[in-house]
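The values are calculated or read from the model by the stated rules, or taken from the named source; none is laboratory data. The model shown is predicted, which means the values in this text are computed figures rather than measured ones. As a convention, Cβ positions derive from the backbone with ideal geometry for all residues, glycine included, and neighbour counts pool all protein chains shown. We work out accessible area using only protein heavy atoms, side chains counted, and drop any ligands, DNA or RNA first. Shrake-Rupley method; radii C 1.70, N 1.55, O 1.52, S 1.80 Å.
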Amino acid sequence: MTPTTEKFGNLRPTNPAILEWVTHTASLTQPDVIFWCDGSEAEKNYLLEQSIQQNILQPLNQTKWPGGYYHRSHPNDVARVEQCTYICTETAEEAGPTNNWADPKEMYQKLYGLLKGSMRGRTMFVVPYLMGPPGSPLSKVGIELTDSLYVVLNMRIMTRMGEVAYRHITEENGFNRGTHSTLDCHPERRFICHFPADNAIISVGSGYGGNALLGKKCLALRIGSALGRRWGWMAEHMLLLCVESPEGEKSYIAAAFPSACGKTNFAMLIPPKSFEGWKITTVGDDIAWMRPGPNGRLYAINPESGYFGVVPGTNMQSNPNAMRSMEKDTLFTNVAITPDGDVWWEGKDNPPPKDLLDWKGNPWDPKSGEKAAHPNSRFTAPMYNNPVLAKEADSPKGVPIDAIIFGGRRATTMPLVFEAFNWTHGVYIGATVGSETTAAAVGVMGQVRRDPMAMLPFCGYNMGSYFRHWLNMRHHIAILPRIFHVNWFRKDTEGNFLWPGFGENMRVLKWIVQRCKNTIGAIEAPIGWMPRYQDLDWKGLPEITPEKFAQLMKIDTKEWLHELMLQDELFMKIYTTLPKELVYQRELLIARL
Ligand code: SAT
Ligand code: MN
């Protein structure tokens, strides 16, 4: 094995399986140096220094942004690419028609070809990381081999990285093998491949976000969902938050929204002034691992320890807690910067400062019509910076879930909130979620597409079997969470948002929590239980008159019939594995409408 020549990078594990795999990968990729990361502060400082020398990171103004650094990704590499993402299972059926499938043997061969000698002249970092709180039965270990310093520095924020990971490897759980090489960052040589049977991931040709930080979407969702089905748990694209009432009663909510639909904002919500005594704390902002636990309840952990949040639109009004989360030790990717090392983005509190450089590094002309920050520009911040971090975020046993919320970005059709009649109906609601596409994935923006449980790009196996797994979970959870659907994005005929969103979402959340405790009313509508005007707490929000509320809650039969037709697109696609219960749910809904 190539000796390590650096003064850091010497945390060698003793586990022979790791050593063998690292040796094998190194002989394939031929790095000059193998760097065994330990996750320490000293190592971080060393890696930061290296990143600056190599022009991978630029230090920001350290008075304004202590510990803040800036990174520009390759302009062709700014979002997840679903068309390059593969699930490699024995049969195409296992991956299902909503995933790209490739034969594992063929894909390994192709990837080994691309990886051959790909790290020559470079360093291969061995990044051991733990997903989930130390000591949690839900936590999982991954090791990522990467030739990207940017990835290492992100991973040390997003995961619990270092020795702690090696300590959590067990005979039963093993560890996930992630191999990542940026290659020449050419879209034609970009492949993000998952091998659920081997608990392995190989990602090449991209250095960005969910393509390269393998703990996140690749392990925590795609591989995680496949493991979860096998072992009776769930890996979901959900934020986790705690609602605390003035009486000190805590409720835990899991909520699934597609990428860039405000999960981070919702997870850090600040209740309006009139909600004195109510408190929201954040357990997680993107991913939840859930498993039936003690006393018949569904328990959830956040496997991550940082936020990889969308920056544009974040400001002291929209999300002060996110702003505070980025105050120190944060990496910014693809925002705009000033000559004195300050950052700026569309929708920041201040107007654009002079002499901005845009996310591509060019002088920005405000009149050009171009965005200064990329719409999918991101901040990577430790969750410990979040002033409203729930102390339960580090709890090994996780939090018992009271309610599950599904939602999407919908200009029409979907009311502000409604509640499922029961678990099976709730699964149907989740399975038929639609949302307008955003900048988080490469492609056309603003089109409604089905995004079941916000998992369309992240489900590591057949979507029909995934629905079956959801339906089956009912038999393993004695006290089932209630299921809800929300839409913060409904517009009037002029295209204005009907709902103020952000902190005001607390009003909806309060109704949800009260529904879980059977202390508030609702009426039975064709699509589910809906609040009446008097069921929501309107103190301090006179703008929402009963008339406006009626608009927000309107069920337009014509729109719904169209919606049902659109649902068919997905249902037809996965027809062979689609649980019949969901077809019946659809029939029932048509009958009720
Ligand atoms: O790029 S990521 O996949 O990490 C972010 C997202 O799309 O949610
Ligand atoms: Mn996400």
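Structural remarks
- Dipole of the chain, positive direction: furthest Cα of Pro196, Thr577, Pro294, with charges on the beta-carbon: Pro294
- Given charges at Cβ of Lys, Arg, Asp, Glu: the chain dipole, positive-most of Met453, Leu130, Tyr70: Met453
- Pairs exceeding a 25 Å alpha-carbon distance, out of Lys517/Lys539; Lys44/Lys371; Lys263/Lys391; Lys397/Lys517; Lys348/Lys539; Lys44/Lys64: Lys44/Lys371; Lys348/Lys539.
- Percent of beta bridges antiparallel (DSSP, the chain, rounded to nearest 5): 65 percent
- Positive end of the dipole of segment 309-381 (Cβ unit charges, origin at the Cα centre): among Pro366, Met316, Val343, the Cα lying farthest that way belongs to Met316.
- Remark: spin-label model distance Ser27-Phe497 equals 5.7 nm, labels positioned 7 Å along the Cα→Cβ axis.
- Fully extended contour minus Cα-Cα distance, from Glu327 to Thr412, at 0.36 nm per residue: 26.9 nm
- Near Met238, the amide H atoms lying under 5 Å from its own belong to Ile287, Ala288; only residues 5 or more places off or on other chains count, and H is placed 1.01 Å from N.
- Protein-only accessible surface order, largest first, of Lys580, Lys105 at 1.4 Å: Lys105, Lys580
- Cα convex hull volume per residue for the chain (Å³): 147 Å³
- Efficiency of FRET from Cβ geometry, Asn472 and Asn10, R₀ 51 Å, rounded to 0.05: 0.65
- Charged-residue dipole, Cβ positions (Lys, Arg, Asp, Glu), segment 326-464 about Cα centre, Debye nearest 20: 420 debye
- For the chain, the solvent-accessible area with a 1.4 angstrom probe is 38 square angstrom per residue.
- Placing pseudo-labels 7 Å out from each Cα toward the beta carbon at Asn173 and Gln53 gives an inter-label distance of 3.6 nm.
- Net charge of the neighbourhood of Glu547, taken over other residues with C-beta under 15 Å away and scored Lys/Arg +1, Asp/Glu -1, is +2.
- Pairwise centroid distance, computed over Cα atoms, of segment 463-512 with segment 144-198, Å: 32 Å
- Each Lys and Arg Cβ is given +1 and each Asp and Glu Cβ -1; about its Cα centre, segment 446-534 then shows a dipole of about 280 debye.
- Here the accessible area is traced with a 1.4 Å probe on the protein chains. For the chain, carbon and sulfur cover 52 percent of it.
- Separation of segment 298-318 and segment 67-113, taken as the distance between their Cα centroids, equals 24 angstrom.
- Test item: Cα-centred dipole of segment 309-381, Lys/Arg +1 and Asp/Glu -1 on Cβ, debye: 180 debye
- Linear extension gain, Tyr584 paired with Gln534, 0.36 nm per residue minus alpha-carbon span: 14.7 nm
- Summary of the geometry: segment 341-414 and segment 232-274, compared by the centres of their Cα atoms, lie 17 Å apart.
- Ellipticity at 222 nm from helices only: DSSP H runs of n ≥ 4 in the chain, each -39500 (n - 2.57), divided by the residue count, give -7500 deg cm²/dmol.
- Gain in span if fully extended, Tyr46 to Ala550, counting 0.36 nm per residue against the direct Cα distance: 175.6 nm
- Anchor Lys110: aspartates and glutamates whose Cα lies under 14 Å away (excluding residues fewer than 8 positions away in-chain): Glu188
- The lysines whose alpha-carbon is closer than 16 Å to the alpha-carbon of Lys573, local same-chain residues fewer than 8 away aside, do not include any residue.
- Cβ-Cβ FRET estimate between Asp349 and Asn295, R0 fixed at 56 Å, reported to 0.05: 0.80
- Sites His562 and Gln62, calculated FRET efficiency, Cβ-Cβ separation with R0 60 Å, nearest 0.05: 0.65
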